[in-house]
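> I have a structure I would like to understand better, so I am pasting it below and will then ask my questions one at a time.
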Amino acid sequence: MKNYDGYGMIAHVYDKLNSEIDYSEWADFNERLFEKYLTARPEIVLDLACGTGSMTLEMVRRGYDMIGVDGSEDMLSVAYDRWIDLCIENEEKGDGEHTLKRPLYLLQDMREFELYGTVGAVLCCLDSINYLIEDSDVERCFSCVHNYLDPDGLFVFDVNTPYKFENIYSDNAYILEDEMLDGNGGDGKRQIYCGWQNHYDRDSGICDFYLSLFEEKDGVYQRSDECQRERCHTAEKLGTMLKNNGFELLGIFGDTDMNEPKADCERYYIVARAKK
Ligand SMILES: C[S@@+](CC[C@H](N)C(=O)[O-])C[C@H]1O[C@@H](n2cnc3c(N)ncnc32)[C@H](O)[C@@H]1O
């Protein structure tokens, strides 16, 4: 198995690039699933492939004891800094640091992670499962998740749909433009541009994303490049793999309002229960 080595170059701008995602609304959805499918609110929750910790921290704010696992040191480093910022913000508001439970961040591969014990729920957000390329990678991941879930524990994840790979990613190119603080402690801003060119191969279901980041520094733009790869996994195949690894499939939704997926739906939200 090849070690995971992605998300080095863009970790520090990742949150800017994904700023349109409403993690608070997404966490509401997670909690509605907990209420619907669990007999009790889970105490410990794993955020698998937690990245920069957006969902981890959203759940920490709601009082959960969180573990975040990710294979990128750079993403976890941002996640840790964000936790410190959250503590400072909390203290300034007078809420007191003691009300927030410090998340445990672990640098591990999601195909072979190890925890200290079991958890009540595992979340895996923003198409992280699509980063698992081989079917055997997905099977390994599902097997680990099952291993570390309490009996009847909940596994909630999402994937990009075949519609999105074929019609939105396809062979398209995009440019994102934004600005971010220059990191010198003042109000100074610097411009960032991120361009990406996709290449989708329908036969293999693999989409390569060639990313180029241009960051302004002292009036000069610095360029860095990274290639990322996702694979399209159909709902049918994921359902079979969940079953193979001891899960009962509870639902596949097309949005966080739990509606049925439509033909042009871009994300499946999948919920499964660990049978033990
Ligand atoms: C699209 S990001 C999503 C991050 C986070 N869940 C979020 O909502 O922002 C995908 C994440 O999966 C992680 N990842 C991809 N493959 C991995 C692997 N094999 N093991 C662990 N983490 C992995 C990346 O480092 C990255 O943080």
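Quick note: the coordinates plus some simple rules give every number you see, no bench work behind them. Source: prediction; values computed, not measured. Glycine gets a Cβ as well: all are built from the backbone with ideal geometry, and neighbour counts include every protein chain shown.
> If you take the square roots of the eigenvalues of the alpha-carbon gyration tensor of segment 40-126 and sort them as a ≥ b ≥ c, do you get rounded (a/c under 1.5), prolate (a/b over b/c) or oblate?
Oblate, because a/c is 1.5 or more while a/b does not exceed b/c.
> In a Gaussian network model over the chain where Cα atoms closer than 10 Å are linked, find which of 53, 239, 219 has the largest mean-square fluctuation.
Maximum fluctuation in the GNM of the chain, among the listed residues, is at 219.
> Further, regarding this structure: Based on DSSP H runs of at least 4 residues, each adding -39500 (n - 2.57), what is the mean residue ellipticity at 222 nm of the chain after dividing by all its residues, to the nearest 500 deg cm²/dmol?
-8000 deg cm²/dmol, from helical runs alone.
> Still on this model: Which one of 192, 9, 40 has its Cα pushed farthest toward the positive end of the charge dipole of the chain, where Lys and Arg give +1 and Asp and Glu give -1 at the Cβ?
Of the listed residues, the answer is 40.
> Could you tell me which of rounded, prolate or oblate describes the chain, using a ≥ b ≥ c as the square roots of the eigenvalues of the alpha-carbon gyration tensor, with rounded for a/c under 1.5 and, failing that, prolate when a/b is larger than b/c and oblate otherwise?
Here the chain falls in the oblate category.
> Could I ask something else about it? So if I place +1 on the C-beta of Lys and Arg and -1 on the C-beta of Asp and Glu, and nothing else carries charge, what would the dipole magnitude of segment 165-230 be about its Cα centre? I want it in debye, nearest 20.
Dipole magnitude for segment 165-230 comes out near 80 debye.
> For the pair residue 203/residue 77, report the inter-label distance in nm, with labels modelled 7 Å from Cα in the Cβ direction.
4.0
> Also: GNM on the chain, C-alpha springs below 10 Å: top fluctuator among 64, 174, 163?
Top of the fluctuation ranking is 174.
> Counting only C-alpha contacts under 8 Å and six or more residues apart, can you give the relative contact order of segment 165-230 as a whole percent?
Taking the mean separation of contacting Cα pairs over the length of segment 165-230, I get 27 percent.
> Further, regarding this structure: Lysine pairs in segment 1-128 with Cα distance under 27 Å, only those 8 or more apart or on different chains: how many are there?
Close lysine pairs found across segment 1-128: 4.
> Let me ask something else about it. How would you classify segment 165-230 from its alpha-carbon gyration tensor, with a ≥ b ≥ c the square roots of the eigenvalues: rounded for a/c under 1.5, else prolate if a/b is greater than b/c, otherwise oblate?
Note, shape of segment 165-230 comes out prolate.
> Here's another thing I want to ask about it. Just to check I understand the Karplus step: with θ = phi - 60° and J = 6.51 cos²θ - 1.76 cosθ + 1.60, what whole-Hz values come out for segment 144-154, glycine and proline as x?
5, 4, 4, 4, 9, 9, 4, x, 6, x, 9
> About the Cα centre, and with charges only on the beta carbon of Lys, Arg (+1) and Asp, Glu (-1), how big is the dipole of the chain? Nearest 20 debye, please.
880
> Starting from the 7 Å offset along Cα-to-Cβ, what nm value, one decimal, do you get for the label separation of residue 248 and residue 36?
Each label point is offset 7 Å from its Cα along the Cβ direction, giving 1.6 nm.
> Residues of segment 13-38 with amide nitrogen under 17 Å from the 7 Å Cα-to-Cβ point of residue 85?
What the label zone holds, given the 17 Å backbone N cut-off, is 13-24.
> Could you check the simple spin-label distance between residue 178 and residue 224, using points 7 Å along Cα→Cβ, in nm with one decimal?
Calculated label separation equals 1.5 nm.
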